[in-house]
Amino acid sequence: MALLKGLFSLMVLILIVLSVLFVDFVYKTFSLSQRDVHADAIVVLTGGRGRVEEGVKLYRAGQGKLLFLIGVDPLVKKHELYQGAGAENVYLEKTSRNTLENAIYARDMIMKHKVSSIKLITSRYHMKRSTILFRNAFPKDVAIYPHPVDSSNLKEEWWNHKGSFKLLFSEFYKYCILRVFFLFAPGELRPLPGTG
């Protein structure tokens, strides 16, 4: 009986800790704000609505000298996403299929172009996971400025909206797995010295 009570108490404690961590994750997700900062390059993870448009807008406004569109559908042509002045500094990456691959392929592109700072654009709910992957994949001396884009499938009243709750919890779960992974394998995704 004492063993069952102990296990129950442990489960309750774990649930409380997870709940606190989840609420903190949600608070930080909604607290992220767009910063008016210039960077060498704008990096857009293209999987969600409004991301490409935001990246193009910032690039046209001169907030980055290069525009990298990461995870573009292989059938899409550059002129379908960007036309006009500065097109020669717009690059499409069409190989990556998930956030981890986004970070690795984006890293290869920014190292090739000797970029020292990026503005990272993705959906608000996706930003914390993307940022931890990019920070662990990129060389330490590359500054990363998160630039979240709001999407219609994430409501501020997330506790009242089943889809928002599921989306946030899914991101929280994946983020926690990454935090644990990088706790035990820091720098695992960083490029080897001399490969830049």
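Read-outs: derived from the displayed coordinates by stated rules, not from any lab. It should be emphasised that the depicted structure is a prediction, and the values quoted were computed from it without experimental measurement. In this analysis, Cβ positions are derived from the backbone assuming ideal geometry, glycine residues included, and neighbour counts consider all displayed protein chains.
Applying a threshold of 6 Å to beta carbon distances and a minimum spacing of six or more residues, or different chains, the list of pairs starting in segment 84-97 at a residue that is in a helix (DSSP H, G or I) and ending at one that is surrounded by 14 or more Cβ atoms within 10 Å (Cβ to Cβ) reads N89/L66.
Taken over segment 47-73, the criterion of being under 21 Å from S123 (Cα atoms) and in a loop (DSSP other than H, G, I, E, B) is satisfied by G47, G48, R49, G50, A61, Q63, G71, V72, D73. The single residue among L21, L10 that is in a helix (DSSP H, G or I) and in contact (Cβ under 8 Å) with a residue 12 or more places away in the chain turns out to be L21. Scanning segment 134-174 for residues that are small (G, A, S), surrounded by 15 or more Cβ atoms within 10 Å (Cβ to Cβ) and assigned to a helix (DSSP H, G or I) turns up A137, S164. For segment 115-133, residues that are touching a residue at least 60 places away in the same chain (Cβ under 8 Å) and not in a strand (DSSP E or B) total 8. The set of residues in segment 4-23 being surrounded by 10 or more Cβ atoms within 10 Å (Cβ to Cβ) and either charged (D, E, K, R) or over 31 Å from the mean Cα position of the chain (by Cα) (or both) consists of G6, L7, F8, S9, L10, M11, V12.
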